[in-house]
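Undergrad: Quick one: this structure, given as structure tokens, is what I'll be asking you about.
The values are calculated or read from the model by the stated rules, or taken from the named source; none is laboratory data. Values in this document were obtained by computation on a predicted structure and should not be read as measured data. Quick reminder, even Gly has a Cβ in these numbers, built from the backbone with ideal geometry, and neighbours come from all protein chains shown. To get the accessible areas, we keep the full protein, side chains included, count just its heavy atoms, and leave off ligands, DNA and RNA. Shrake-Rupley method; radii C 1.70, N 1.55, O 1.52, S 1.80 Å.
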Amino acid sequence: MEIRRFLEKLSSDAPTPGGGSASALAGALSASLVEMVAGLSKKKGSLNLQEVKEIKRKASAIRRRLHRAVDEDAKSYEEVIKAFRLPKETEKQRSYRSRKIQKAYQKATVIPRCVCENALKLMEFSQTLALKGNPNALSDIKVAGYLADAALKGGLVNIEINLGPIKDRRFVQKMRLVIKNLKRKREEIRSQRA
């Protein structure tokens, strides 16, 4: 989606795109900056050329994935809205509607989880490049790290909010463990910050 159009849609009173899409975009912006700084670190910094190329390659894949996630997150939440609009006059309709709502909420945790997992990788790359990359690009890579952290925190809040209505206790328990591990990994990375 074109940036101006996305910002206009985001600022509208429509429920999508929302915070999940904005989190994915923050991650994609972070990945772009990681790619840029990796490129600028080919000749300056203490990383060898292979390490720089590997970070750049991985960041490029993450950027493409998170760019797709901007639209995917909006579509997944639109499924929640669509499920709530299903008819509920008969018991059969209510039962079907309830199952569709539950399934939609579960699916609505998938993209934010993807955003979180990729944001953690970007935080690690940012950390590495801040310590060993081109020192002239330190501010750029620090911004990349902050954007990755914002993407991660946004993804976490979206997972948590979508878990609220889910009745499947095993699914909720599994996702709470995922959240706990994501938060732990975030703190480990932040404790090593340059």
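Undergrad: Name the one entry in 15, 87 that is touching a helix residue (DSSP H, G or I) at 6+ places or on another chain (Cβ under 8 Å), over 30 Å from residue 136 (Cα atoms), at pLDDT below 95 and of a type outside the set (Phe, Trp, Tyr).
TA: Within the list 15, 87, the selection yields 15.
Undergrad: Among the residues of segment 148-159, which ones are closer than 10 Å to residue 23 by Cβ and either surrounded by 22 or more Cβ atoms within 10 Å (Cβ to Cβ) or out of contact with any Cys (no Cβ under 8 Å at 6 or more places or on another chain) (or both)?
TA: 150, 151, 152, 153, 154, 155, 157, 158
Undergrad: Another one. Run residue 147 past the list (1) closer than 30 Å to residue 44 by Cβ; (2) outside any helix (DSSP H, G or I) and report the number of the one that doesn't hold.
TA: (2)
Undergrad: Please state which one of 28, 22 is among the small types (Gly, Ala, Ser), assigned to a helix (DSSP H, G or I), touching a helix residue (DSSP H, G or I) at 6+ places or on another chain (Cβ under 6 Å) and surrounded by 16 or more Cβ atoms within 10 Å (Cβ to Cβ).
TA: Unique residue meeting the criteria: 28.
Undergrad: Right, next: Can residue 164 be described as over 24 Å from residue 53 (Cα atoms) and not hydrophobic (A, V, I, L, M, F, W, C)? Let's see the steps before the verdict.
TA: Working: over 24 Å from residue 53 (Cα atoms): yes; not hydrophobic (A, V, I, L, M, F, W, C): yes.
In short, yes.
Undergrad: Out of (1) within 22 Å of residue 108 (Cα to Cα); (2) exposed (fewer than 14 other Cβ atoms within 10 Å of the Cβ); (3) among the small types (Gly, Ala, Ser), the odd one out for residue 76 is which?
TA: The single condition residue 76 does not satisfy is (2).
Undergrad: Oh, and also: Tally the residues that are farther than 28 Å from residue 21 by Cα, of a type in the set (D, E, K, R) and not in a helix (DSSP H, G or I), restricting the search to segment 72-102.
TA: So the count comes out to 2.
Undergrad: Which pairs have Cβ atoms under 6 Å, sit 6 or more apart or on different chains, and link a residue in segment 8-37 that is free of Cβ contacts under 8 Å to residues at least 60 places away in the same chain to one that is acidic (Asp, Glu) and part of a helix (DSSP H, G or I)?
TA: 21/73
Undergrad: Sticking with this structure for a sec: Which residues, counting only those in segment 169-192, are in contact (Cβ under 8 Å) with a residue 12 or more places away in the chain and either open to solvent by 70 Å² or more (accessible area, probe 1.4 Å) or out of contact with any helix residue (DSSP H, G or I) (no Cβ under 8 Å at 6 or more places or on another chain) (or both)?
TA: Listed by number, the residues that qualify are 176, 183, 190, 192.
Undergrad: Tell me the residue from 56, 42 that is under 16 Å from residue 134 (Cβ atoms) and open to solvent by less than 90 Å² (accessible area, probe 1.4 Å), please.
TA: Working: 42 fails: open to solvent by less than 90 Å² (accessible area, probe 1.4 Å).
Exactly one of 56, 42 is under 16 Å from residue 134 (Cβ atoms) and open to solvent by less than 90 Å² (accessible area, probe 1.4 Å), namely 56.
Undergrad: Right, another one. Going by the structure shown, is residue 176 over 14 Å from the mean Cα position of the chain (by Cα), at pLDDT 95 or above, farther than 18 Å from residue 24 by Cα and not polar (S, T, N, Q)?
TA: Taking the combined requirement at face value, the residue satisfies it.
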